[in-house]
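Notes follow once the structure below has been shown.
No lab work stands behind these numbers, since they all come straight from the coordinates. Just so we're clear, the structure is a prediction, and the values are computed from it rather than from any experiment. Here the Cβ is made from the backbone with ideal geometry for all residues, glycine too, and neighbour counts use every protein chain on show.
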Amino acid sequence: MPRGQKSKQNNRGRRRRARNDTQASESAQQTIEAAEESFPESGGAFEMPDEESVAIIIADVLSLIVSDESSIDDQDVEESLFRNYHAFTIHQDILAGKVAVLLQFLLDNYKMKQLTSMKDMMQVIGEQEINNFPEILRTTAERLEDIFAVELREVESSRPAYDLISKLKLPNNGRVRAGKGFPKTGFLMTVLGMIFMNGNCAREGDIWRMLRSMGVYPGKKHPIYGEPRKLITQDFVKLKYLEYQQVANSDPPLYEFQWGPKAYAETNKMTVLKFVAKINKVSPSSFRDLYEEALKTEQGKNPNNHKVSRDTPAKASAFSMMTGPWFPILPKFENGLFS
């Protein structure tokens, strides 16, 4: 191809890419504005975007990338895709960092029993990321719910303010014990999940085996949960969320856990199964037998089947089917928040 012709074609390609970049920028701005409009301004927990909304956004982005592709040579397409991917990766890394900072800030305020204003959160994020604030806040709220089983809600105050609210009615808004501290709700939901996955009755040894995989050890003070043995064998038992009793005719004595009446009153098997599935990024139906059992219980078809018969051995434990830890180690936070 003559050099002049090729130069003109390259110029046309650059102009088309410039138009596409402008369209992409406008589309991104519209997405941000739409997110800000849908962002809740008053009470209630923050709602995450559903899968359909995410799919629409992805489809819009892809349509911009492949538009007019027949008029752009392969090298231009590869360079454009690489630039877009690189920019997207950097953007996601920045947002992930901001989510971690905001999550840490909210937990620190919770620990100190301090409310958080919207202005406080925006200052933590920084002015340079103010357009991404709705996305950062929604993701942070989702992480808090997934790990700690608390919801970020607007609360009554002399000024607009937010607090973390336990999803179970544990004393002191999920702290369990009097005074300051971190939420224990997620830990309780995890133990309830372990019991359910083990046939509704779990030996103490199995519980500690799974907790060790999370970095939680009996007799060793945990930065979030305190002394975990006391928490699950005394505190949760006294509050009637767990039952802890000796296995009949065991010598030396062995102990086992079951759900307590408070657990049945405030949550259910499906909610606990969804909690376990979500932190592992799988569908609850991946645990087929457990999902069917939870579904039957939720539908009220078998409401009295929450006790395991001592005469009938429980089904094969979900523990024995696991190839890896379904209850992962808690994320590590910087700046010594949990020290």
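A few points about this structure:
- Being assigned to a helix (DSSP H, G or I), touching a residue at least 24 places away in the same chain (Cβ under 8 Å), crowded, with 21+ Cβ neighbours inside 10 Å and not small (Gly, Ala, Ser) is true of residue 196.
- Subset of region 170-185 (residues that are in contact (Cβ under 8 Å) with a residue 40 or more places away in the chain and within 17 Å of residue 106 (Cα to Cα)): 180, 181, 182, 183, 184
- Subset of region 121-146 (residues that are of a type in the set (Lys, Arg) and more than 16 Å from residue 110 (Cβ to Cβ)): 138
A quick yes/no check of all residues on (1) among the small types (Gly, Ala, Ser); (2) surrounded by fewer than 21 Cβ atoms within 10 Å (Cβ to Cβ); (3) out of contact with any helix residue (DSSP H, G or I) (no Cβ under 8 Å at 6 or more places or on another chain); (4) within 19 Å of residue 172 (Cα to Cα):
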| position | (1), (2), (3), (4) |
| --- | --- |
| 234 | no, yes, yes, yes |
| 244 | no, yes, no, no |
| 248 | yes, yes, yes, no |
| 251 | no, yes, yes, no |
| 256 | no, no, no, no |
| 266 | no, yes, yes, yes |
| 269 | no, no, no, no |
| 273 | no, no, no, no |
| 277 | yes, yes, no, no |
